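One structure below.
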Amino acid sequence: MEKSKVLVVGGTGYLGRRIVSASLSQGHPTYVLQRPEIGLDIDKLQMLLAFKKQGAHLVEGSFSDLESLVRAVMLVDVVICPISGVHIRSHNILLQLQLVEAIKRAGNIKRFLPSEFGLDPPRMGHALELGRVTFDDKMVVRKAIQDAKIPFTYVCGAGVAGYFAGNLSQMGTLVPPKEKVLIYGDGNAKVSIVDEDDIAAYTIKTIDDPRTLNKTVYLRPPENELSQKQLVEMWENLIGKKLEHISISEEDFLASMKGMDYAGQVGAGHFYHMFYEGALTNFEIGEEGEEASKLYPEVKYTRMNEYLKIYV
């Protein structure tokens, strides 16, 4: 079967650059939106040019110019938009409404994958007030997609390893603690943690798969469904040393959020749902969804005991 042509919108971002690479490596004709808003950001431009050297096509377009988006969309079969929804970086989820309108006007797209990848928004109606903006915005985009009858796949359900594994799920740092580790509650809530390159590989696998059409694909590879205590134990075994474990109760964690800035409170809200409620894993996947590692056993996903070795 001929491989679908793919447009990645947000291709220089944290997940976006990996999705571009995965699309190229899996043999898809790959287009990357080059937005004039990058201005003098030389790192982004050089990344785009590197993709071009690897065989990607750069296509100009802007969220502020609907017709340019329509022209870009007309070139491909599938649109993937891993645009940032993380407040510590940037929160641009609702920009996708312009992209939905462009896809609707173009009328040629056989699959749209919007920015998802984390907690499943329909399951987060109870979310803490400050953190819920991410889920509310994603639900607005989902409604627009479904109202426009655009074929979709939602890829979600993982904590990305760079933010949740290497730091042993500590807030405010990206590297492991040396002496003391903060444990959320009893540390036994299960969290799915997935390497970013594996997220990208699974994402690209879905786009030509009829099993994932108009479904949610959850990133829950079984060996990477870990409690925080299991993750810490992996690290302690690697370094041959026990850290001091300091448990923080649910009440104390919620109280600690009050002194944070807005972005910190939003992020902490997501930590709360993941590590106190187990919101990434505390449900069975029903008929509306599929699990990525079951669909694509050929993806040899990175286990976290291997992932952590680079931090030693």
- Item | Number of the exception - residue 93 against (1) modelled with pLDDT under 95; (2) under 24 Å from residue 202 (Cα atoms); (3) of a type in the set (Val, Ile, Thr); (4) surrounded by fewer than 22 Cβ atoms within 10 Å (Cβ to Cβ) | (4)
- If we keep only residues of segment 295-312 that are in a helix (DSSP H, G or I) and not aliphatic (A, V, I, L, M), then the residue least open to solvent (accessible area, probe 1.4 Å) is 307
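Please find, among 168, 226, the residue that is at positive phi, in contact with a strand residue (DSSP E or B) (Cβ under 9 Å, 6 or more places away or on another chain) and open to solvent by less than 20 Å² (accessible area, probe 1.4 Å). Explain how you work it out, then say what you get.
Values: 226 fails: at positive phi.
That would be 168, the only listed residue that is at positive phi, in contact with a strand residue (DSSP E or B) (Cβ under 9 Å, 6 or more places away or on another chain) and open to solvent by less than 20 Å² (accessible area, probe 1.4 Å).
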- Taking interchain pairs and intrachain pairs at least six residues apart, which have beta carbon atoms under 9 angstrom, with the first residue in segment 125-146 and closer than 19 Å to residue 280 by Cβ and at pLDDT 90 or above and the second among the basic types (Lys, Arg) and not in a loop (DSSP other than H, G, I, E, B)? 125/132; 126/132; 135/123
- Note on the structure: Only one of (1) at pLDDT 95 or above; (2) part of a helix (DSSP H, G or I); (3) over 30 Å from residue 113 (Cα atoms) does not apply to residue 258, and that is (1)
- Of the residues that make up segment 191-208, is at least one in contact (Cβ under 8 Å) with a residue 24 or more places away in the chain, open to solvent by 20 Å² or more (accessible area, probe 1.4 Å), in a loop (DSSP other than H, G, I, E, B) and aliphatic (A, V, I, L, M)? no
- Query: Name the residues in segment 1-54 that are open to solvent by 80 Å² or more (accessible area, probe 1.4 Å), of a type in the set (D, E, K, R) and in contact (Cβ under 8 Å) with a residue 60 or more places away in the chain, would you?
  - Reply: 3
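Let's see how each residue does on (1) within 22 Å of residue 58 (Cβ to Cβ); (2) surrounded by fewer than 16 Cβ atoms within 10 Å (Cβ to Cβ); (3) of a type outside the set (D, E, K, R):
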position: 81; (1), (2), (3): yes, no, yes
position: 84; (1), (2), (3): yes, no, yes
position: 114; (1), (2), (3): yes, no, yes
position: 118; (1), (2), (3): no, no, yes
position: 126; (1), (2), (3): no, yes, yes
position: 133; (1), (2), (3): no, no, yes
position: 141; (1), (2), (3): no, no, yes
position: 154; (1), (2), (3): no, no, yes
- Picked from segment 271-294 (must be over 30 Å from residue 255 (Cβ atoms) and in contact (Cβ under 8 Å) with a residue 40 or more places away in the chain), the residue surrounded by the fewest Cβ atoms within 10 Å (Cβ to Cβ) is 288
- Only one of 232, 217 is touching an Asp or Glu at 6+ places or on another chain (Cβ under 6 Å), surrounded by 13 or more Cβ atoms within 10 Å (Cβ to Cβ) and not in a loop (DSSP other than H, G, I, E, B), namely 217
- For segment 99-126, the count of residues that are in contact with a Leu (Cβ under 7 Å, 6 or more places away or on another chain), within 27 Å of residue 276 (Cα to Cα) and not in a loop (DSSP other than H, G, I, E, B) equals 0
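The values are calculated or read from the model by the stated rules, or taken from the named source; none is laboratory data. Note that the structure is predicted; figures quoted are calculated from it, not measured. A quick note on method: Cβ atoms are made from the backbone with ideal geometry, for glycine too, and the neighbour counts reach across all protein chains shown. Each accessible area value is taken on the protein alone, full model and side chains, heavy atoms only, with ligands, DNA and RNA left out. Shrake-Rupley method; radii C 1.70, N 1.55, O 1.52, S 1.80 Å.
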